[in-house]
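Report on one structure; see the data block that follows.
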Amino acid sequence: MIHLEEIVPTDDQIQTLYELLVSRKHGISHKHIPVFAEHIAFVRDHPYRAWLLVRESETCLGSVYVHKDNTIGVNIDEERVVDCFEEVLNKVLKSYQPLPPVKSVRNAHFMINAAPTNRALISALENSGFSVAQVTYVVGSHE
């Protein structure tokens, strides 16, 4: 059974998140892994409405965050994302509602971003009936 653990953050959670970050194969927000001290500062002052570890028993499968712009970030192990995605998403949706829309700022519905190379997550999204809403391109350097 999957359960979600809110990032408080504890030292163990900070370490687990760093291990997940280092092992991540797909990224959207950065290309370079921060040094551990930068990671600690980010986790302690994270910009998310909610940040959760995805656990099955004692095993951490990844993390999920709910952002203030109504995006949901899904970073789950590629081997498991297809079979646990719907359960994880349902748990998130039971706990969080989208913030009210703000024209040109925030959609009325949750949106999920996926790196174009993350075929496992894209497959999980498609299998769950989601459709592509937009394709985003980076202008200049993608850091």
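Summary table below
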quantity: Condition broken by residue 90, with the remaining ones in (1) in a strand (DSSP E or B); (2) farther than 25 Å from residue 137 by Cβ; (3) open to solvent by 20 Å² or more (accessible area, probe 1.4 Å) satisfied; calculated: (1)
quantity: Looking only at the stretch 1-27, and only at residues there that are part of a loop (DSSP other than H, G, I, E, B) and without any contact (Cβ under 8 Å) to a residue 24 or more places away in the chain, the one that is least open to solvent (accessible area, probe 1.4 Å); calculated: 10
quantity: Residue 85, sole failed condition from (1) touching a residue at least 40 places away in the same chain (Cβ under 8 Å); (2) out of contact with any Ser or Thr (no Cβ under 7 Å at 6 or more places or on another chain); (3) in a helix (DSSP H, G or I); calculated: (2)
quantity: Criterion (free of Cβ contacts under 8 Å to residues at least 12 places away in the same chain and polar (S, T, N, Q)) met by exactly one of 123, 128, 95, 104; calculated: 104
quantity: Top-ranked residue in the stretch 55-70 [being of a type outside the set (Ser, Thr, Tyr) and either touching a Gly at 6+ places or on another chain (Cβ under 8 Å) or part of a strand (DSSP E or B) (or both); ranked as nearest to residue 93 (Cα to Cα)]; calculated: 66
quantity: Within the stretch 28-37, tally of residues that are touching a residue at least 24 places away in the same chain (Cβ under 8 Å) and either under 24 Å from residue 3 (Cα atoms) or open to solvent by 80 Å² or more (accessible area, probe 1.4 Å) (or both); calculated: 3
quantity: Selection count where residues are surrounded by 17 or more Cβ atoms within 10 Å (Cβ to Cβ), among the polar types (S, T, N, Q) and free of Cβ contacts under 8 Å to residues at least 40 places away in the same chain, scope the stretch 38-80; calculated: 0
quantity: Checking residue 118 against (1) at pLDDT 95 or above; (2) touching a Lys or Arg at 6+ places or on another chain (Cβ under 8 Å), the condition it does not meet; calculated: (1)
quantity: Residues of the stretch 93-143 satisfying the condition of being assigned to a strand (DSSP E or B) and out of contact with any Leu (no Cβ under 8 Å at 6 or more places or on another chain); calculated: 102, 111
quantity: Scope the stretch 118-130; condition of a type outside the set (Phe, Trp, Tyr) and open to solvent by 90 Å² or more (accessible area, probe 1.4 Å); matching residues; calculated: 119, 126, 127
quantity: Answer residue from the stretch 3-56, given it is over 21 Å from residue 118 (Cβ atoms) and polar (S, T, N, Q) and is farthest from the chain's Cα centre (by Cα) among those; calculated: 10
quantity: Tally, over the stretch 93-110, of residues that are surrounded by 12 or more Cβ atoms within 10 Å (Cβ to Cβ) and charged (D, E, K, R); calculated: 1
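The values are calculated or read from the model by the stated rules, or taken from the named source; none is laboratory data. Treat the numbers as computed from the prediction; the structure is a model and nothing was measured. We place every Cβ from the backbone using ideal geometry, glycine too, and count neighbours over all the protein chains shown. Note: areas computed on protein heavy atoms with side chains; ligands, DNA, RNA excluded. Shrake-Rupley method; radii C 1.70, N 1.55, O 1.52, S 1.80 Å.
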